[in-house]
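A short write-up of the structure that comes next.
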Amino acid sequence: MKRFSALISLLAFFLAGCNPAPPAPATVSDTETTATASAVPSTSASETRTLTVFAAASLTNAFTEIGERFQIDNPGVFITFSFAGSQALRTQIEEGAPADVFAPANNTEMNALVDTNLIARDMPQMFLTNKLVVVLPADNPASITSLEGLANAGIKIILAAEEVPVGKYTREVLKKMNSQFGSDFGQKVIANVVSNEDNVRQVLTKIQLGEADAGIVYTSDAVAAPELQTLDIPLELNIVATYPIAPLAESNQIELAQAFIAYVLSKDGQATLQKWGFAPPQ
Amino acid sequence: MKKLSDSKWIFILPSVFIIGLFLLPLLAVFLRSINPDFFYYAFSQKALSALKLSIVTSTVTTICTIILGTPLAYILASWNLKFKSWVELLIDLPIVLPPSVAGLALLITFGRRGLLGSTLSILGISLPFTTAAVVIAQMFVAAPLYIRSARIGFKGVDKQLEEAANVEGANRWQLFREVLLPLTSRALLNGAILTWTRALGEFGATILFAGNLEGVTQTMPMAIYLGFETDRGVALALSVVLIVVSTILLGITRKIEKDNEHS
């Protein structure tokens with residue numbers, strides 16, 4: 001029994017060690033200097049708060065940069081991002097993943113969460129638009145020089161899976177191309193597909209690695225990979241993808257979530273988004 | 001005995017927690033998937049083609065592993081080689097390596113611009129995004145299980161038996177075929193089943209190296225992953241199938257082990 005109680009006290013010792021130290025009181029000058037345009041009103045500058053943002057994979061670079069700026073403006077705030085296909089994020093939230101902000105690549109996923117009251121109906125705001133572009137490896141191994149070239153027999157194409165927004169848009173664009181390049185154009189392109197990737201970044205990476213001859217991604221992804229060649233898709237054949245953003249109804253950081261969204265919509269935030277190839281909402 | 005019993009909860013409580021960790025998620029899958037739509041999803045075109053591809057590829061993987069892995073296991077078990085422990089470490093590595101590392105490594109080796117792939121592509125062979133790539137990815141992660149089991153099996157054979165066979169004038173091949181194989185058949189079968197089961201569940205290396213195309217590279221775990229994003233019914237039905245199949249196969253390997261102990 002003696003050994004048992006020794007074990008208990010040892011355990012208690014370790015548990016006590018795990019307790020966070022009481023926060024040091026903030027000095028007056030600290031709180032004053034941190035007040036900037038995007039700063040969140042907070043009780044104490046030394047208090048750390050974490051904001052969890054679930055965002056579409058295509059937002060990876062832009063949101064990472066926006067997050068870094070937001071953290072500089074708001075000391076003590078830490079932003080954790082989860083970048084993945086919008087569907088995966090939506091499912092994770094439906095299954096109880098603790099997100100504070102949701103920014104999917106289309107309205108379908110946003111509306112699904114609004115319908116289940118996970119997001120308040122008046123909350124979603126449009127914050128950017130995106131369109132599609134064809135990317136080719138730097139050395140263009142299949143010598144594709146026009147959109148019609150995507151239907152050349154024997155070339156390897158990688159698309160995003162139909163299940164993710166960009167994959168859905170891709171198939172819409174291919175359908176539109178039928179009217180210009182012949183009714184079986186889209187079918188021929190699909191026949192060249194060697195893989196349907198589960199998110200747009202996988203498409204981009206595999207084209208960067210040169211594993212396929214062409215891929216279709218968002219213009220914003222092409223900006224993130226400047227070494228790749230691109231083929232523009234004319235506006236009349238393209239789509240306009242609109243990205244919504246909203247705080248989660250059950251977030252316990254609702255104020256911080258609102259501040260982050262306000263920053264994304266601000267001049268600074270929009271400038272960062274444009275730097276990464278996105279267009280402002282229409 | 002009375003004295004011992006007062007501290008038994010120290011052992012029981014943690015065990016209950018960890019068993020719960022294993023059991024509850026599996027139970028949840030079954031509870032969620034019990035509905036009239038189960039068979040509709042389980043027999044959907046997508047589910048069936050993933051199931052077929054999974055079974056075919058993991059069977060091919062296992063056969064290739066037996067053909068290539070048995071001689072290696074024999075060498076490791078009975079020859080005295082200088083760098084043997086390094087080879088053994090190399091073979092065990094894929095068991096603990098994250099599958100994503102395996103997928104990345106395979107892609108930059110056998111990919112079009114890869115270490116070997118660039119040579120292969122001159123010959124007109126391109127591996128990524130083919131069913132062959134699925135098999136390679138599965139072999140990379142699953143073959144070590146067979147080789148390990150076979151090596152231990154061969155090692156366990158009484159050295160005197162080999163010497164006796166040697167005295168009788170048997171050559172190395174005869175010794176292997178007539179003495180070692182029959183004596184180690186259970187260990188080999190056990191290893192083969194483990195490899196087959198692991199290959200069936202392979203996901204990380206496959207999605208990176210082989211991609212995802214229905215009927216060509218979309219195996220069951222892949223269909224579950226994509227189903228998770230859209231069609232949870234298919235994902236749940238396939239999960240149930242995988243859990244049941246894996247349980248049965250593991251049960252068989254345990255029975256083989258038990259019989260081995262008794263004989």
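We did not get these values from a lab; they are worked out from the coordinates using the rules stated. Remember, it's a predicted structure, so these values are computed and weren't measured experimentally. As a convention, Cβ positions derive from the backbone with ideal geometry for all residues, glycine included, and neighbour counts pool all protein chains shown.
Points worth noting:
- Qualifying residues in region A:73-87 (those that are closer than 14 Å to A:Leu59 by Cβ and among the hydrophobic types (A, V, I, L, M, F, W, C)) - the one farthest from the other protein chains (Cβ to nearest Cβ): A:Ile79
- Filtered residues of region A:151-178 (kept if within 14 Å of chain B (Cβ to nearest Cβ), under 19 Å from A:Pro141 (Cβ atoms) and among the hydrophobic types (A, V, I, L, M, F, W, C)): A:Ile155, A:Ile157, A:Ile158, A:Leu159
- Single residue of A:Leu147, A:Leu174, A:Leu128 found to be farther than 26 Å from A:Thr52 by Cβ and in contact with a strand residue (DSSP E or B) (Cβ under 8 Å, 6 or more places away or on another chain): A:Leu147
- Total residues in region B:123-134, condition assigned to a helix (DSSP H, G or I) and within 12 Å of chain A (Cβ to nearest Cβ): 3
Listed here are the residues, each with its yes/no results for (1) closer than 17 Å to B:Pro98 by Cα; (2) in contact (Cβ under 8 Å) with a residue 24 or more places away in the chain.
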site: B:Ile193; (1), (2): no, yes
site: B:Trp196; (1), (2): no, yes
site: B:Gly201; (1), (2): yes, yes
site: B:Ala205; (1), (2): yes, yes
site: B:Leu208; (1), (2): yes, yes
site: B:Thr217; (1), (2): no, yes
site: B:Met222; (1), (2): yes, yes
site: B:Leu226; (1), (2): no, no
site: B:Asp231; (1), (2): no, yes
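- Some residue of region A:96-104 being surrounded by fewer than 24 Cβ atoms within 10 Å (Cβ to Cβ), assigned to a helix (DSSP H, G or I) and away from every other protein chain (no Cβ under 14 Å): no
Residues are listed down the side, and each one gets a yes or a no for (1) assigned to a helix (DSSP H, G or I); (2) within 14 Å of chain A (Cβ to nearest Cβ); (3) in contact (Cβ under 8 Å) with a residue 40 or more places away in the chain:
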site	(1), (2), (3)
B:Ile18	yes, no, no
B:Leu23	yes, no, no
B:Val29	yes, yes, yes
B:Pro36	no, no, no
B:Ile55	yes, no, yes
B:Thr59	yes, no, yes
B:Cys64	yes, no, yes
B:Pro71	yes, no, no
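- Highlighted here are the helices (runs of 4 or more DSSP H) found entirely within region A:168-258 that include at least 1 residues which are hydroxyl-bearing (Ser, Thr, Tyr): A:200-208, A:219-224.
- Among the candidates B:Leu81, B:Leu90, B:Leu120, residue that is free of Cβ contacts under 8 Å to residues at least 12 places away in the same chain and assigned to a loop (DSSP other than H, G, I, E, B): B:Leu81
- The residue that is nearest to the chain's Cα centre (by Cα), counting only those in region A:210-237 that are within 14 Å of chain B (Cβ to nearest Cβ) and crowded, with 24+ Cβ neighbours inside 10 Å, is A:Gly215.
- Single residue of region B:224-239 satisfying the filter (of a type in the set (Gly, Ala, Ser) and within 11 Å of chain A (Cβ to nearest Cβ)) that is nearest to the chain's Cα centre (by Cα): B:Ala235
- Residue in region A:78-86 that is out of contact with any Pro (no Cβ under 8 Å at 6 or more places or on another chain), over 27 Å from B:Tyr225 (Cβ atoms) and surrounded by fewer than 24 Cβ atoms within 10 Å (Cβ to Cβ) present: yes
- When the criteria are applied in full, A:Glu65 meets the requirement of being surrounded by fewer than 18 Cβ atoms within 10 Å (Cβ to Cβ), touching a Ser or Thr at 6+ places or on another chain (Cβ under 7 Å) and among the charged types (D, E, K, R).
- Check on B:Ala210, away from every other protein chain (no Cβ under 14 Å) and crowded, with 19+ Cβ neighbours inside 10 Å: no
- Region A:271-282, residues that are in a helix (DSSP H, G or I) and out of contact with any helix residue (DSSP H, G or I) (no Cβ under 8 Å at 6 or more places or on another chain): A:Ala271, A:Gln274
- So B:Gly169, is it surrounded by fewer than 21 Cβ atoms within 10 Å (Cβ to Cβ), more than 14 Å from chain A (Cβ to nearest Cβ) and part of a loop (DSSP other than H, G, I, E, B): yes
- In region A:179-209, of all residues being within 12 Å of chain B (Cβ to nearest Cβ) and among the small types (Gly, Ala, Ser), the one that is surrounded by the most Cβ atoms within 10 Å (Cβ to Cβ) corresponds to A:Ser195.
- Lone unmet requirement of (1) assigned to a loop (DSSP other than H, G, I, E, B); (2) among the hydrophobic types (A, V, I, L, M, F, W, C); (3) within 14 Å of another protein chain (Cβ to nearest Cβ) for A:Ile93: (1)
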